Amino acid sequence: MALVHNWQIGRAMSYWYPEARPKRQIGAVFDTNKCIACQTCTLACKTTWTSGRGQEQMFWNNVETKPYGFFPLGWDVKLLAQLGAQSWDGDKYAGKTIFESAPAGERVLGIRPDDMDYAHPNIGEDEIVGQVGRGGHFFGTHQAWMFYLARICNHCTYPACLAGCPRASIYKRPEGGIVLLDQNRCRGYRECVRACPYKKVFYNPHTRTYEKCIACFPKIEVGEQPQCFVNCIGKIRLQGWISTPDKVREDSPVDYLVHVRKLALPLFPQFGLEPNVYYIPPVHVPTPFLVQMFGPSAPKAVETYRHAREDRTLAGLLALFGSTYRTIPRFKVLDDTAIALDDSGQELVRVPIREPVFVRAAKDSKRGVWRMNTP
Ligand code: SF4
Ligand code: SF4
């Protein structure tokens, strides 16, 4: 075991291999407040990469309804229960990561799902938690909530799948930090899926090897965002590059949202993988749930998001989500316009920060009808 630094948990931790960060690390932000669970991302990925034999129950991208949706069944709650106490001392994680809690003789604390755990990819869809009294109004005084969580491989800085593989079949590309699996080396030992807490490696019973999200690297290489990003109906996704806290670039969209504004947070940072997909947390979910899922900065992030409209830079950057098929390494905001830039500073796209809103009159005098406007 080596000692490495994990900035998401604010301390050093033990990992199976020494720290070896790529030249550049792919990073992404998902805004959970905008996801409508249309599953277009899921199908965009499936039709591109996993429509072949043996890939039937594979979803490199999935969208689940929290708190009761899971794919595979119970992937997060089972591990959280095994991990034990997960307390934070300010921004420093005081509990143990899945590497530090590995049982004797194992590299990672993990759980291997059963085949049946993959049988219902959209279980729990739209199920709410909390009580709705008889005759009570859904969104009134009753604490009913749920939200949609879109998930892909996090292309982690400290991948558990890589640490767990006894064949060294998994590697992290130095170019963009994308985590890939060499199927020629894979012997289907199933250690990667046991180790990955996010369960983003999948077994192909036809080839008897494992497969995983490749972050659409052929697109990344030509400066384009992955399929699940460009096809997202809700425009919840933005792909760029993430730096470590000592090398933050304020003009990098991902750096700005993660490091500068601390609005976008990692999923289960306490697992210790330093995942590189970041989430803007939902604003309507009880704080303890958000803290467990996104770490201690979640309440502050919710407050920042609630006031984002009053902040020109932030509102401008949020308007750039889903605005172009190109990767956005840089951005700037001028007056009422947000501009996405490529690495050389060339403009990719510009969008207005505020779009006009037209409110139709409740009474249409011409047709003599009343409209059902939603207030
Ligand atoms: Fe590996 Fe899982 Fe991290 Fe992806 S999310 S890099 S499969 S540990
Ligand atoms: Fe959510 Fe976008 Fe996927 Fe639709 S396409 S489910 S809005 S992430």
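None of the figures in this text is laboratory data; all of them are computed from the coordinates on show. A quick note: this is a predicted structure, and the numbers were derived from the prediction, not measured. Note that each Cβ is placed from the backbone with ideal geometry, even for glycine, and that neighbours are counted across all protein chains shown.
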Can you quote the Å³ per residue value for the convex hull of the Cα atoms in the stretch 172-252, rounded to an integer?
157
Under a GNM of the chain (C-alpha, springs under 10 Å), which listed residue has the highest mean-square fluctuation: Pro275, Pro218, Pro113?
Pro218
Fully extended, how many nm does the chain gain between Val349 and Asp336 (0.36 nm per residue separation, minus their Cα-Cα distance)?
3.3 nm
Dimensionless Rg/Rh of the stretch 1-122, both radii on Cα and Rh by Kirkwood, sits at 1.00
Starting from the eigenvalues of the Cα gyration tensor, five times each then square-rooted, give me the equivalent ellipsoid semi-axes of the stretch 70-190, largest first, whole Å.
34, 20, 16
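For the stretch 143-280, what percent of Cα pairs sit more than 23 Å apart?
Beyond 23 Å sits 39 percent of the P(r) for the stretch 143-280.
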Give me a comma-separated list of calculated 3J(HN,Hα) values for the stretch 170-182, in order, Karplus coefficients 6.51, -1.76, 1.60 applied at θ = phi - 60°, integers in Hz, x for any Gly or Pro.
10, 9, 10, 5, x, 5, x, x, 6, 8, 10, 10, 8
In straight Cα distance, which aspartates and glutamates are under 19 Å from Lys366, not counting same-chain residues fewer than 8 positions off?
none
So for the chain, averaging the separation of alpha carbon pairs under 8 Å that are six or more residues apart and normalising by length, what relative contact order in percent results?
20
If amide hydrogens are placed 1.01 Å from N in the peptide plane, which non-local residues have theirs closer than 5 Å to the one on Gly27?
Gly240, Trp241, Ile242
What is the spin-label model distance, in nm, from Lys366 to Gln183 if the labels are put 7 Å beyond Cα along the C-beta direction?
5.8
Quick one: which of Lys96/Lys172; Lys34/Lys172; Lys235/Lys262 span more than 28 angstrom between C-alpha atoms?
Lys34/Lys172
Evaluated at q = 0.20, 0.23, 0.27 Å⁻¹: base-10 log I(q)/I(0), Debye formula over Cα of the stretch 156-219
-0.72, -0.95, -1.27
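Scan the chain and report its longest stretch carrying no chymotrypsin sites (Phe, Trp or Tyr not before Pro) that are both in a DSSP loop and have at most 11 other Cβ atoms within 10 Å.
Longest gap between qualifying sites, sites excluded: 140-357.
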Taking Lys247 as the anchor, which aspartates and glutamates have their alpha carbon closer than 13 Å to its alpha carbon, excluding any fewer than eight residues away along the same chain?
Asp255
Please report, in whole Å, how far the alpha carbons of the stretch 253-355 spread along each principal axis, starting with the longest.
41, 29, 20
Using the Karplus curve 6.51 cos²θ - 1.76 cosθ + 1.60 with θ = phi - 60°, what ³J(HN,Hα) values do you get for each residue of the stretch 237-251, in whole Hz, with x for Gly and Pro?
10, 9, 10, x, 9, 10, 9, 6, x, 7, 10, 5, 10, 5, 8
Please find the FRET efficiency linking Ala2 to Glu125, where r is the Cβ-Cβ separation and R0 is fixed at 45 Å, and quote it to the nearest 0.05.
0.60
Which value in deg cm²/dmol, rounded to the nearest 500, describes the helix-derived mean residue ellipticity at 222 nm for the chain, given -39,500 (n - 2.57) per DSSP H run of n ≥ 4 and division by the residue count?
-4000 deg cm²/dmol
Reachable aspartates and glutamates, given that their alpha-carbon falls under 18 Å from the alpha-carbon of Lys199 and they are not under 8 places away in the same chain:
Glu56, Glu64, Asp76, Glu106, Asp114, Asp115, Asp117, Asp182, Glu191, Glu211, Glu274
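I need the semi-axes of the equivalent ellipsoid of the stretch 50-132: take the C-alpha gyration tensor, multiply each eigenvalue by 5, square-root it, list largest first in whole angstrom.
They are 28, 21, 11 Å, listed largest first.
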Taking N as the number of residues in the stretch 1-69, the ratio of its alpha carbon radius of gyration to 2.2 N^0.38 Å works out to 1.59
Fewest first, what order do Ile123, Ile242 take by the number of other Cβ atoms within 10 Å?
Ile123, Ile242
What residue among Pro174, Pro253, Pro282 shows peak mean-square fluctuation when the chain is described by a Gaussian network model with Cα springs under 10 Å?
Pro174
10 Å binning of all Cα-Cα separations within the chain, expressed as whole percents from 0 upward:
5, 22, 33, 25, 10, 3, 1, 0
Just to check I understand the Karplus step: with θ = phi - 60° and J = 6.51 cos²θ - 1.76 cosθ + 1.60, what whole-Hz values come out for the stretch 33-38, glycine and proline as x?
5, 9, 6, 10, 6, 6
Between Ser51 and Ile36, what is the label-to-label distance in nm when each label sits 7 Å out along the Cα-to-Cβ direction?
2.4
